[in-house]
1. Scan Arg64, Arg93, Arg110, Arg98 and give me the residue that is free of Cβ contacts under 8 Å to residues at least 40 places away in the same chain, closer than 19 Å to Glu36 by Cβ and among the basic types (Lys, Arg).
2. Report yes if Thr109 is among the hydroxyl-bearing types (Ser, Thr, Tyr), modelled with pLDDT under 95 and assigned to a helix (DSSP H, G or I), otherwise no.
3. Scan segment 69-115 residue by residue and report those that are touching a helix residue (DSSP H, G or I) at 6+ places or on another chain (Cβ under 8 Å) and aliphatic (A, V, I, L, M).
4. Would it be correct to say that Ala92 is part of a helix (DSSP H, G or I) and at pLDDT 95 or above?
5. Tell me whether segment 14-25 contains one or more residues that are on the phi < 0 side of the Ramachandran plot and either of a type in the set (Val, Ile, Thr) or within 18 Å of the chain's Cα centre (by Cα) (or both).
6. Hey, can you tell me all the residues within segment 74-103 that are farther than 26 Å from Val57 by Cα and not aliphatic (A, V, I, L, M)?
7. If you take the residues in segment 44-80 that are outside any helix (DSSP H, G or I) and loosely packed, with under 11 Cβ neighbours inside 10 Å, which one is nearest to the chain's Cα centre (by Cα)?
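The values are calculated or read from the model by the stated rules, or taken from the named source; none is laboratory data. Note that the structure is a prediction, hence the values are computed from the model and not measured. Cβ placement follows ideal geometry from the backbone for every residue including glycine, while neighbour counts extend to all protein chains displayed.
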Amino acid sequence: MTTTATTRLKVPTRFGPETRFILKPTPPVPFRAVLEDEFERLTRRLLRERMAASGDVRLDVELRRAANEAGALAWMTPFPLLFYPALFEEKARLAALRLKRQEAIRHETRELLAA
């Protein structure tokens, strides 16, 4: 392999003024502690609204259980704050249906025992 003057061409270089950038690293995902605080506030607000709307004290325990189940499912998703309200509504609706069914069974059982 031979090198000739044509393959070694010198290019004059000119440098402009130095440019500096200020870089602020951003976390790849939101900080979990901040999410947890927002999640707790959202949970308390949804529970408070749902309990006030139902007016049935017997449903409160079931609603808290529904909130915990929905929360566990929501944390498995990439956006727990987005998915939680829908999951909570579904779980709360099922809890209310379950409580009504249990009340119906208790009522029927009392009637059978009374007869």
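1. Unique residue meeting the criteria: Arg64.
2. yes
3. Result: Ala70, Leu73, Ala74, Leu81, Leu87, Ala92, Leu94, Ala95, Ala96, Leu99.
4. Details: part of a helix (DSSP H, G or I): yes; at pLDDT 95 or above: yes.
So Ala92 passes the test.
5. Within segment 14-25 (the criterion being on the phi < 0 side of the Ramachandran plot and either of a type in the set (Val, Ile, Thr) or within 18 Å of the chain's Cα centre (by Cα) (or both)), the answer is yes, since at least one residue qualifies.
6. Listed by number, the residues that qualify are Trp75, Thr77, Pro78, Phe79, Pro80, Phe83.
7. Looking at the filtered set, the residue picked out is Phe79.
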